[in-house]
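Enquirer: Below is the structure I would like to discuss, written out as structure tokens.
Every number in this text was worked out from the coordinates using simple rules, so none of it is lab data. This structure is a prediction, so every number in the text was calculated from the model and none was measured. Here Cβ is always computed from backbone atoms with ideal geometry, including for glycine, and neighbour counts include all displayed protein chains.
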Amino acid sequence: MIDFGAETLILTHDAMAEGVHYLAGQDPADVAWKLVASNLSDLAAKGAEPLGVLLGYQLGADDARFVAGLGEVLAHYNVPLLGGDTISATGAQVLGLTALGRATHRPVPSRSGAQAGDTLWLTGPVGAAMLGFEALKASNGDSLAYRRPTALLAEGRALAPVVSAMMDVSDGLLLDARRMAEASQVTIDIDTQAVPIATPEARRDEALRWGDDYQLLFALASGTSPTITAHRIGRVLPQGPAPLLLDGAEPSGTLGYEHR
């Protein structure tokens, strides 16, 4: 973040690798969409308006489809391609994108601002990307949520003036909630039944740990109402032995996807 007068320039960069963030052989148009949307989601979490993107592209088997998808997603969000670079390389494809945005509200929301006594909120259901991934692998069913996620830019700008902390859910709700708790030096307690899910109830625990849904997770001071439709899913407590609790107890197992 770089302050410019009354505004703040937001810069974010994410990379995607074949076989990790998307399936080998997946439609390059969908890969382009996800690459842009996932970066714009980072801007949404800062309450920022996109100014443009810079693309690092490794030439692949169907560059025309990638260009088509890139044009679609940039037109959808009305974001210009400002420049970048292309390379030729062997092995699994790796792509990178830098997104630039302007935030007009200060302080700019971050994951480190949650305070004990805050309430915890989520913009929408999790688990849709998980089902979409499974449908894509099986070549059967609706895979759109995984292939072409949505960046909640308008929602992020609406929330920026009222939140004490905010981040997007990219690696799993539980893992990202723990990250918010650690950054804010608090404990977050999630009411698991209050979390909206896009899966059957039997898969609730999986939905809370899967990523790629790009919902916004945010904290509000007690007595503050969200400026958009959202779901209250927990509370912020003083820092305790564990940064994250589920229904008052420390969770076990993997909380989400970690790059290790």
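Enquirer: So who's got an amide H within less than 5 Å of the one on residue 102, skipping anything under 5 residues away but keeping other chains? H placed 1.01 Å off N, in plane.
Expert: 10, 49, 51
Enquirer: Report, for region 2-103, the % of DSSP beta bridges that are antiparallel, rounded to 5. Don't jump to the answer; show the numbers that get you there.
Expert: Details: 20 of 27 bridges.
Just about 75 percent of them are antiparallel.
Enquirer: Compute the angle between helix 63-77 and the longest alpha-carbon principal axis of the chain, please, reported from 0 to 90 degrees and rounded to the nearest 10.
Expert: The helix 63-77 is inclined about 40 degrees to the chain.
Enquirer: Normalised by the number of residues in region 105-260, what is the relative contact order in percent for Cα pairs under 8 Å and 6+ residues apart? Before the final figure, lay out each step's value.
Expert: On the way: 359 pairs, mean separation 62.3, N = 156.
Normalised by residue count, the contact order of region 105-260 is 40 percent.
Enquirer: What does the extension gain come out to for residue 194 and residue 250, with contour length at 0.36 nm per residue minus their alpha carbon separation?
Expert: Working: separation 56, 0.36 × 56 = 20.16 nm, distance 1.72 nm.
Value of the extension gain: 18.4 nm.
Enquirer: Does a label point 7 Å from the Cα of residue 65, set along Cα-to-beta-carbon, have any residues of region 74-90 with amide nitrogen under 16 Å, and which are they?
Expert: The answer is none, because no backbone nitrogen lies closer than 16 Å to the label point.
Enquirer: If the chain between residue 158 and residue 2 were fully stretched, how many nm would it gain, using 0.36 nm times the residue separation less the Cα-Cα distance?
Expert: 54.1 nm
Enquirer: Here is a follow-up. How long is the gain from residue 182 to residue 17 if the chain were fully straight, where each residue apart is worth 0.36 nm and the alpha carbon distance is subtracted? Let's see the in-between values first.
Expert: Working: separation 165, 0.36 × 165 = 59.40 nm, distance 2.74 nm.
Gain in length upon complete extension: 56.7 nm.
Enquirer: I would also like to ask the following. Of 94, 220, 78, whose Cα points farthest to the positive end of the dipole of the chain (charges on the beta-carbon: +1 Lys, Arg; -1 Asp, Glu; origin at the Cα centre)?
Expert: 220
Enquirer: Report the label-to-label distance for residue 9 and residue 225 in nanometres (one decimal), using points 7 Å from each Cα along the Cα→Cβ vector.
Expert: The two pseudo-label positions are separated by 3.9 nm.
Enquirer: Now a separate question. Please name whichever of 128, 117, 10 sits farthest to the positive end of the charge dipole of the chain, dipole taken about the Cα centre and charges placed at Cβ: Lys and Arg +1, Asp and Glu -1.
Expert: Result: 117.
Enquirer: Using +1 on the beta carbon of Lys and Arg, -1 on that of Asp and Glu, and nothing else charged, what's the dipole of the chain about the Cα centre, debye to 20? Display every interim value, and only then the final one.
Expert: Working: 18 positive and 30 negative charges, 73 e Å.
It comes to approximately 360 debye.
Enquirer: Related question: Measure off 7 Å from each Cα along the Cα-to-Cβ vector at residue 82 and residue 142, then give the distance between these two points in nanometres to one decimal.
Expert: Each label point is offset 7 Å from its Cα along the Cβ direction, giving 3.6 nm.
Enquirer: If you don't mind, another one. Can you give the relative contact order of the chain as a percent, counting alpha carbon pairs under 8 Å and 6+ residues apart? Don't skip to the end; give the middle numbers.
Expert: Details: 620 pairs, mean separation 62.8, N = 260.
24 percent.
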